[in-house]
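Where a number appears in this text, it was derived from the coordinates with a stated rule and is not lab data. If you're wondering where the values come from, they're calculated on a predicted model, not measured in any experiment. Backbone-built Cβ (ideal geometry, glycine too); neighbour counts: all protein chains shown.
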């Protein structure tokens, strides 16, 4: 079964998880591997490293979670001292994707968004209208529904921007008020 190890990592170590998909992914991977005590061969591929991290996170101890949280904090401090803004990098990536969409006028995003919306409506209708649905089937359908709702969220984030900076601001205000 595939599990969302990046989502789990994002909960425990959000800065390290945010670094994935950026030019800093290698640094983040190395930090995570070292923190979790995973020995990686120098010639290991990114996929092999990610599999090792995924396997380790499935059986992580509370002490390792604390170490990961501390590494995340240190990574954040290191990035700040190097004047690296991960949100600025992510925003630039989204902006370049939007610019590409403006210049190429691709129909694919609209079709994919419409398809995701149609699938969500069908799945929701199926769950609501089916009277004696098997619990296992219901679980699978709800899992798929959640996944497609996530896709729709990605579409809205692409089209209208994201609230990540707003969330960061809220966390900062909450930390300052303590």
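Worth pointing out:
- What the Cα convex hull of the range 98-143 gives, in volume per residue, is 67 Å³.
- From least to most packed, judged by other beta carbons within 10 angstrom and beginning with the fewest, 81, 54 follow the order 81, 54.
- Pair residue 74, residue 96: separation of 7 Å Cα→Cβ label points (nm): 3.0
- The range 5-84 shape via C-alpha gyration tensor axes, a/c threshold 1.5: oblate
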